[in-house]
Amino acid sequence: MSDSEKPGRYPRSANSLIASLVVTLLVVAAFVVFRAVTRDNKEIEPEAVDYLETVEQIQGSGARVAYPPELPQDWKVTGVAFTPGERGAFGLSMLTDDGTFVGLRQEDEGLDDLLATYVDEETVEGEPVTFDSPIATTWESYSDEGGDRAYATELGEDTLLVFGSADEDDQRLLIESLTTEPVS
């Protein structure tokens, strides 16, 4: 038997294997802790988007969209979505002054589909709610188990949905500010 065919001199047992695994896990855990302590995690603040310019361009194409002409103090629009065409869609993503989300979506789509996409597949319908809004005074209300809420109404042939984790007062502020008037 040559030297290369002889077994090694260290003991090969289950205990040795377990000890090796424990040492390896300790080294990995120490590295993870070291990286967590020394990493400089910067909080990324979403940038505000100038949505009024987009609304003005949409209106210039002849489309009618609901939008807030101005936002409450310290709110910001973080995203604008527009799909032109016969079955166009418009949407705004916003953060309130306390950093909670509220969205607006207007499209020629069924309410159930919009609720499943933007709120939850298992929303619960609430009582109709009255708002002092130039768009509609009576809105349907919905919620989900996670605390999100949504309000919906019809705007011509489109469904208009206001939704998010923002509280009812913040969503009321948005709904009551909505207009379809030309951007001034």
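The values are calculated or read from the model by the stated rules, or taken from the named source; none is laboratory data. Because the structure is predicted, anything quoted here is derived from the model rather than measured. For neighbour counting, all protein chains shown are included, and Cβ atoms are generated from backbone atoms with ideal geometry for every residue, glycine included. The accessibility values were calculated without ligands, DNA or RNA, using every heavy atom of the protein model including side chains. Shrake-Rupley method; radii C 1.70, N 1.55, O 1.52, S 1.80 Å.
Looking only at segment 141-184, how many residues end up being free of Cβ contacts under 8 Å to residues at least 60 places away in the same chain, in a strand (DSSP E or B) and crowded, with 19+ Cβ neighbours inside 10 Å? If you could, list the steps in order and put the result at the bottom.
From segment 141-184, those free of Cβ contacts under 8 Å to residues at least 60 places away in the same chain are 141-154, 157-159, 161, 168-169, 172, 175-176; that's our starting set.
If we keep only those that are in a strand (DSSP E or B) as well, we get 141-143, 149-154, 158-159, 161.
Adding the requirement that they be crowded, with 19+ Cβ neighbours inside 10 Å leaves 142, 149-153, 158-159, 161.
Number satisfying all stated conditions: 9.
Look at segment 69-79 and say how many of its residues are open to solvent by 50 Å² or more (accessible area, probe 1.4 Å) and either more than 23 Å from THR159 (Cβ to Cβ) or of a type in the set (Val, Ile, Thr) (or both). Write out each step before concluding.
From segment 69-79, those open to solvent by 50 Å² or more (accessible area, probe 1.4 Å) are 69-70, 73-74; that's our starting set.
From what is left, the residues that are either more than 23 Å from THR159 (Cβ to Cβ) or of a type in the set (Val, Ile, Thr) (or both) are 70, 73-74.
So the answer is 3.
If you check ALA66 against the conditions, is it crowded, with 19+ Cβ neighbours inside 10 Å and more than 14 Å from LEU173 (Cβ to Cβ)?
Values: crowded, with 19+ Cβ neighbours inside 10 Å: yes; more than 14 Å from LEU173 (Cβ to Cβ): yes.
Judged against the criteria, ALA66 is a match.
Identify all residues within segment 33-54 that are over 21 Å from the mean Cα position of the chain (by Cα) and surrounded by 10 or more Cβ atoms within 10 Å (Cβ to Cβ); write none if there are none.
Quick first cut of segment 33-54, residues over 21 Å from the mean Cα position of the chain (by Cα) only: 33-41, 53.
Once the filter is applied, which keeps residues that are over 21 Å from the mean Cα position of the chain (by Cα) and surrounded by 10 or more Cβ atoms within 10 Å (Cβ to Cβ), segment 33-54 yields VAL33, PHE34, GLU53.
Conditions first: (1) free of Cβ contacts under 8 Å to residues at least 60 places away in the same chain; (2) in contact with a strand residue (DSSP E or B) (Cβ under 8 Å, 6 or more places away or on another chain); (3) over 22 Å from ARG64 (Cβ atoms). GLY91 passes all but one, so which condition is the exception?
GLY91 satisfies all of (1) free of Cβ contacts under 8 Å to residues at least 60 places away in the same chain; (2) in contact with a strand residue (DSSP E or B) (Cβ under 8 Å, 6 or more places away or on another chain); (3) over 22 Å from ARG64 (Cβ atoms) except (3).
Does PRO46 meet the test of being in contact with a Ser or Thr (Cβ under 7 Å, 6 or more places away or on another chain), modelled with pLDDT under 85 and within 30 Å of SER165 (Cα to Cα)? Full working, then the answer.
Working: in contact with a Ser or Thr (Cβ under 7 Å, 6 or more places away or on another chain): yes; modelled with pLDDT under 85: yes; within 30 Å of SER165 (Cα to Cα): yes.
Criteria met by PRO46.
Tell me which residues, restricted to segment 86-124, are part of a strand (DSSP E or B) and loosely packed, with under 13 Cβ neighbours inside 10 Å. Working first, answer last.
Residues of segment 86-124 that are part of a strand (DSSP E or B), as a first pass: 89-95, 101-107, 124.
The answer is VAL124, and nothing else.
Could you go through segment 118-139 and let me know if any residue there is of a type outside the set (Lys, Arg), within 29 Å of SER61 (Cα to Cα) and in contact with a Lys or Arg (Cβ under 7 Å, 6 or more places away or on another chain).
Taking every residue of segment 118-139 in turn, at least one turns out to be of a type outside the set (Lys, Arg), within 29 Å of SER61 (Cα to Cα) and in contact with a Lys or Arg (Cβ under 7 Å, 6 or more places away or on another chain).
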